[in-house]
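*Asks:* The following block contains the structure, expressed as structure tokens.
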Amino acid sequence: MARLRWLGHAAFLLELAGKEVLIDPWIRGNPSCPIGLDELGKPDVVCVSHDHGDHLGDAFEICRKHGSKLVCVYEVGCKAEQEGVKPELIYGMNVGGTVELDGLKITLFPAIHSCSCGVPVGIIIRGEGKNIYHAGDTALFGDMALIPRLYGPVDVALIPIGGYYTMGPLEAAEAVALIKPKAVVPMHYATFPVLVKDASEFARLVSERSPETDVIVLGPGDYYEF
Ligand code: NI
Ligand code: MN
């Protein structure tokens, strides 16, 4: 059994193969994060999709404080080292690479977006026969269809639907049609005034186009077991 908790916006805590993986940990200053930094526990691994503040968030501080391993793009790893994260904790990969860590395979997949350090990525995490895809911030692109072909069926896809900075509901629903996950959790909406307010249009579009995919609309702090 794996468990996922939405910490608001793009932040998730994944419990998989006995490990805790924290993704895009924007905790402090995240208006939709239900917990404080001190309530986080000690994640084994922290994954960062890109260096925008709403994704990098508190990653470096968490790694400094708890000795969590950091998986990110090379340049973000260099920045982490400059900011006091121990070099032996940093797995500064690049797009297309995979690292085996604590019984998990973590792959950095392309994303179409901007950032100021390296390139933005999506993150694919496999372990215990489960496959989770966190798309990061991205536009729609056709190569998302390669994910199940390369890495096997996706159990849960975490997909931005808010528009303006990323895919909106229309593009996100098409992404689901390409990825064909068993379940999709919409994220990166409602946090800022410019973003889509709720997941209803996305849920409707997915139910029309990909009826075999369950749309799991979480509230901040909610858990999903799979
Ligand atoms: Ni971004
Ligand atoms: Mn973002």
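The values are calculated or read from the model by the stated rules, or taken from the named source; none is laboratory data. Since we're looking at a predicted model, the values are computed, not measured. So basically every Cβ, Gly included, is an ideal-geometry build from the backbone, and we count neighbours across all protein chains shown. The accessibility values were calculated without ligands, DNA or RNA, using every heavy atom of the protein model including side chains. Shrake-Rupley method; radii C 1.70, N 1.55, O 1.52, S 1.80 Å.
*Asks:* What are the residues in the stretch 95-106 that are farther than 17 Å from I147 by Cα and open to solvent by 30 Å² or more (accessible area, probe 1.4 Å), if any?
*Replies:* Residues satisfying the conditions are E100, D102, G103.
*Asks:* Within the stretch 184-197, which residues are away from ligand 2 (no atom under 16 Å from the Cβ) and buried (at least 18 other Cβ atoms within 10 Å of the Cβ)?
*Replies:* First, pick out the residues of the stretch 184-197 that are away from ligand 2 (no atom under 16 Å from the Cβ): 184, 197.
Within the stretch 184-197, V184 is the sole residue that qualifies.
*Asks:* Please specify each residue of the stretch 147-162 satisfying the condition of being touching a helix residue (DSSP H, G or I) at 6+ places or on another chain (Cβ under 9 Å) and open to solvent by 10 Å² or more (accessible area, probe 1.4 Å).
*Replies:* P148
*Asks:* Checking R3 against (1) in contact (Cβ under 8 Å) with a residue 40 or more places away in the chain; (2) open to solvent by less than 50 Å² (accessible area, probe 1.4 Å); (3) charged (D, E, K, R), only one condition comes out false. Which one?
*Replies:* It is condition (2) that R3 fails.
*Asks:* Kindly state which helices (runs of 4 or more DSSP H) lie completely within the stretch 1-87 and contain at least 3 residues that are farther than 20 Å from V99 by Cβ.
*Replies:* Ranges flagged: 59-66.
*Asks:* I've got another one for you. Name the single residue that is farthest from ligand 1 (Cβ to nearest atom) among those in the stretch 49-105 being polar (S, T, N, Q) and within 23 Å of E39 (Cα to Cα).
*Replies:* Going residue by residue through the stretch 49-105, those that are polar (S, T, N, Q) are 49, 68, 82, 94, 98.
Now narrow it down to the ones that are within 23 Å of E39 (Cα to Cα): 49, 68.
Working: S49: 8, S68: 22 Å.
Going through the qualifying residues, I end up with S68.
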